[in-house]
Protein chains: 2
Amino acid sequence: MTFAELWQELAPIGRDPGTGGYRRYSWTPADAQGRAWFTRHAEALGLSVEPDRNGNLWAWWGETRTGAIATGSHLDSVPDGGGYDGALGVASALAAVKMLKDKGFYPERAVVLALFTEEEGARFRVPCLGSRLMTGAVDPDTARSLAGDDGVTLAEAMTAAGADPVRLGPDDDLLGRLAAFVELHVEQGRALAPLDAVIGVAEGIWPHGRWRFDFGGRADHAGTARFADRNDPMLPYASTVLAARQVAAANGALATFGKVIAEPGGANGVSSSVRAWLDCRAPGGESLDQAFTAIHSAAADAAAAHGVTLTVSKESYTPLVRFDETLRDRITGVLAAAGTDAPVLPTGAGHDAGILAARIPTAMLFVRNPTGVSHSPAEEAHLADCEAGVRALALVLEDLAR
Amino acid sequence: MTFAELWQELAPIGRDPGTGGYRRYSWTPADAQGRAWFTRHAEALGLSVEPDRNGNLWAWWGETRTGAIATGSHLDSVPDGGGYDGALGVASALAAVKMLKDKGFYPERAVVLALFTEEEGARFRVPCLGSRLMTGAVDPDTARSLAGDDGVTLAEAMTAAGADPVRLGPDDDLLGRLAAFVELHVEQGRALAPLDAVIGVAEGIWPHGRWRFDFGGRADHAGTARFADRNDPMLPYASTVLAARQVAAANGALATFGKVIAEPGGANGVSSSVRAWLDCRAPGGESLDQAFTAIHSAAADAAAAHGVTLTVSKESYTPLVRFDETLRDRITGVLAAAGTDAPVLPTGAGHDAGILAARIPTAMLFVRNPTGVSHSPAEEAHLADCEAGVRALALVLEDLAR
């Protein structure tokens, strides 16, 4: 199957017919369909597909199974996410192996295609959960009890999907077999287009944290409670949203509140609580800490001014990632030799490659995003650019697995 | 049955075991249980219970059925509402009839107990929907197609509950039979306690509007989209929350955002839209208009500054209500003669009595709320005060129906 055919078959899985965006969440029926699509096509290529202890899938090409070159990405999405984020790397991995097989290449080192689970953290709130479990960055007991908005825990969701949550945990055996991981991903942001470049190579990933802010007030009647008698958590929340933007802008960081839940949620009542999630990223760990501290402090001041309690809990934190320079130089060299000038770019987005970078040499290839929009149904990439991505990935795998 | 026994039986219906608050929404199973409770006890008193064309229930005492004295309230709640709001008026009406029957009183004019539907607008977003339909203040076709957060329309919900939505509409025949409506309600706010009074009488209801603010932006990746490239609707929403408080405080009005929905709701994404509901009330129609205009203008400015669209739609508007002065003076006179000094109070809360006031003489009795908290699981009233309320209502009904 060509890349375009693979892509066409994947497209409807988990897509919301109303918005056109994806709601492909871990351990749901849509997730099972995505795994089946991956398994079917990997097996059609003669690869052997095995789940690891953390629910990630691995499709092996080659017998050795040591010193392997891994590639792949994820299929899960944010709510109403775009079709390319993650999925492009998985489909490109399958298409690149097909391309290499068609030209008669046989890898000296094994090539293995990875399908990571819960990369977005959209269901269980910890991004890159599959790779974090694998490297030991998340405690398995903590992971098992992570619950999404529906109250279902990861352990329950895995069990319901026919997977076994009991063996979750660090997988040094599997990590020990991997010599490198190269993740292809649609560009998020718009740096390649102005450079007239189709493919980019990642420099590193900004440190990134997610914090939950719980503002606790007291429900009351919107028509009778005097302002002086209210403890309305919506007001300090609003102040915090504005403070986060201001602080981040002043520090060259990014800060976003994209999820907020006001309880009890009546249009004619003062809220009893407002829970909201801060996503904050910055070029370095120190600047991220500074930005978070300033936002936290503004939130605490606003909460106190309204007699509202504030609890802030860190849901995830990923330190600055610098990808392996030797691997990166080798990749840019291979691409340059094939006539592709691939600029080196930083990014604020987290990826499984960033998690694995703590343990093995990793690199990332970016495919041009013409609008820069991501995590949105409007996310797009041109087919010709995606096909160029497949060729670039095939070149890299051929070089590394030779 | 005594008031306390009636109350005990009603208490568990629609109560959330987790929060202790009520989620008794129209045309749900909890609503059906509430109707059954009302019907059972009214029939035990020998009253004849009939639904009207709009889904309200009426329990008749007396044969004449013209020039009738109506009392009653509602059983539906806001999300996590208190137990007294509405329910106290219904239980007190039943208990007052019991008290009058026990003393051998027989009404010359009919007495009729009303159970209004969807007073809070918690499900279908238009408060006092049952009384508004009855007086013609809401178009029946509009009402039938009102949908809650679950997408179910009023027509569908009524049909599912075994009621007929086809006959919704103005009910001049029924209104023509009513000489007066007296609604007993738990006090919302805390004016009686400092006056050492147990029972109050309503002066009027502040005009009250509910508006939906739709901020439309563009979903994007929280880790890669530059601030300059974003159209994040959360920011103008936050500005509007703060502006609403400021404007209302400066104008002696009340303004509240208690319900907000951010889509798609991912913690690592910029929102595509933020929908939020403004509840605004003021002592007069002009001051309410001024407050709303200023809030709308602040929202529009903030939206424009972020390249975000703004659509504001009025979901409900209730003009200033002045209750009938003759009826009010008669009630305070009856209570004073019985040794109860009942202060006259204004209120910001809407009630079915406020809707019916446009067509027939109406009045309200308030029962002391020791904390002033309402629309909250913390709402309370002392049993002795509730019993005093029943006695006061019985005195008033006896006087009016004699």
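The table below lists the values:
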{"item": "Residues (out of contact with any Phe, Trp or Tyr (no Cβ under 6 Å at 6 or more places or on another chain), of a type outside the set (D, E, K, R) and in a loop (DSSP other than H, G, I, E, B)) located in the stretch B:146-199", "result": "B:Gly151, B:Val152, B:Gly162, B:Ala163, B:Leu168, B:Gly169, B:Pro170, B:Gln188, B:Gly189, B:Ala191, B:Ala197, B:Val198"}
{"item": "Filter result for A:Ala244 (within 25 Å of B:Phe213 (Cβ to Cβ), more than 9 Å from every other protein chain (Cβ to nearest Cβ) and surrounded by 24 or more Cβ atoms within 10 Å (Cβ to Cβ))", "result": "yes"}
{"item": "Some residue of the stretch B:358-378 being at pLDDT below 95, of a type in the set (A, V, I, L, M), out of contact with any Gly (no Cβ under 9 Å at 6 or more places or on another chain) and in the same structural domain as B:Ala191 (by TED's automatic domain parsing)", "result": "yes"}
{"item": "Any hit, the stretch B:219-231, residues being without any contact (Cβ under 8 Å) to a residue 24 or more places away in the chain, more than 27 Å from A:Gly266 (Cβ to Cβ) and more than 8 Å from chain A (Cβ to nearest Cβ)", "result": "yes"}
{"item": "Top-ranked residue in the stretch B:329-383 [being closer than 25 Å to B:Arg15 by Cα and of a type in the set (Asp, Glu); ranked as farthest from the chain's Cα centre (by Cα)]", "result": "B:Glu380"}
{"item": "Selection from the stretch A:263-282 of residues that are facing chain B (nearest Cβ under 9 Å) and either surrounded by fewer than 24 Cβ atoms within 10 Å (Cβ to Cβ) or not in a strand (DSSP E or B) (or both)", "result": "A:Glu263, A:Pro264, A:Gly265, A:Gly266, A:Ala267, A:Asn268, A:Ser271, A:Ser272, A:Trp277"}
{"item": "A:Leu94 being among the aliphatic types (A, V, I, L, M) and more than 13 Å from A:Leu113 (Cβ to Cβ)", "result": "no"}
{"item": "Failed criterion for A:Gly151 (all others in (1) within 12 Å of chain B (Cβ to nearest Cβ); (2) of a type outside the set (D, E, K, R); (3) farther than 26 Å from A:Gly333 by Cβ; (4) surrounded by 24 or more Cβ atoms within 10 Å (Cβ to Cβ) hold)", "result": "(4)"}
{"item": "Within the stretch A:249-262, considering residues that are more than 7 Å from every other protein chain (Cβ to nearest Cβ) and crowded, with 24+ Cβ neighbours inside 10 Å, the one modelled with the highest pLDDT", "result": "A:Ala255"}
{"item": "Where B:Ala303 falls short, out of the listed (1) more than 25 Å from B:Arg132 (Cα to Cα); (2) surrounded by 14 or more Cβ atoms within 10 Å (Cβ to Cβ); (3) out of contact with any Pro (no Cβ under 8 Å at 6 or more places or on another chain)", "result": "(3)"}
{"item": "Residue satisfying condition, being more than 20 Å from the chain's Cα centre (by Cα) and not acidic (Asp, Glu), within set B:Ala238, B:Ala180", "result": "B:Ala238"}
{"item": "Whichever residue in the stretch A:386-402 is out of contact with any Leu (no Cβ under 9 Å at 6 or more places or on another chain) and not hydrophobic (A, V, I, L, M, F, W, C) and, among such residues, is farthest from A:Arg23 (Cα to Cα)", "result": "A:Arg402"}
{"item": "Count of the stretch A:222-241 residues which are buried (at least 24 other Cβ atoms within 10 Å of the Cβ) and either outside the structural domain of A:Gly258 (by TED's automatic domain parsing) or part of a helix (DSSP H, G or I) (or both)", "result": "7"}
{"item": "A:Arg35 of a type in the set (Lys, Arg) and modelled with pLDDT of 95 or more", "result": "yes"}
{"item": "Hits in the stretch B:181-197 - residues which are more than 12 Å from chain A (Cβ to nearest Cβ) and surrounded by 24 or more Cβ atoms within 10 Å (Cβ to Cβ)", "result": "B:Phe181, B:Val182, B:Glu183, B:Leu184"}
{"item": "Residue in the stretch A:200-218 that is surrounded by 24 or more Cβ atoms within 10 Å (Cβ to Cβ) and either more than 30 Å from the chain's Cα centre (by Cα) or over 30 Å from A:Ala378 (Cα atoms) (or both) present", "result": "yes"}
{"item": "Residues (more than 7 Å from every other protein chain (Cβ to nearest Cβ) and assigned to a loop (DSSP other than H, G, I, E, B)) located in the stretch B:207-218", "result": "B:Pro207, B:Gly217"}
{"item": "Failed item in (1) touching a strand residue (DSSP E or B) at 6+ places or on another chain (Cβ under 8 Å); (2) surrounded by fewer than 22 Cβ atoms within 10 Å (Cβ to Cβ), with A:Gly350 passing the rest", "result": "(2)"}
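The values are calculated or read from the model by the stated rules, or taken from the named source; none is laboratory data. Keep in mind that what you see is a predicted model, and the values were worked out from it rather than measured. So basically every Cβ, Gly included, is an ideal-geometry build from the backbone, and we count neighbours across all protein chains shown.
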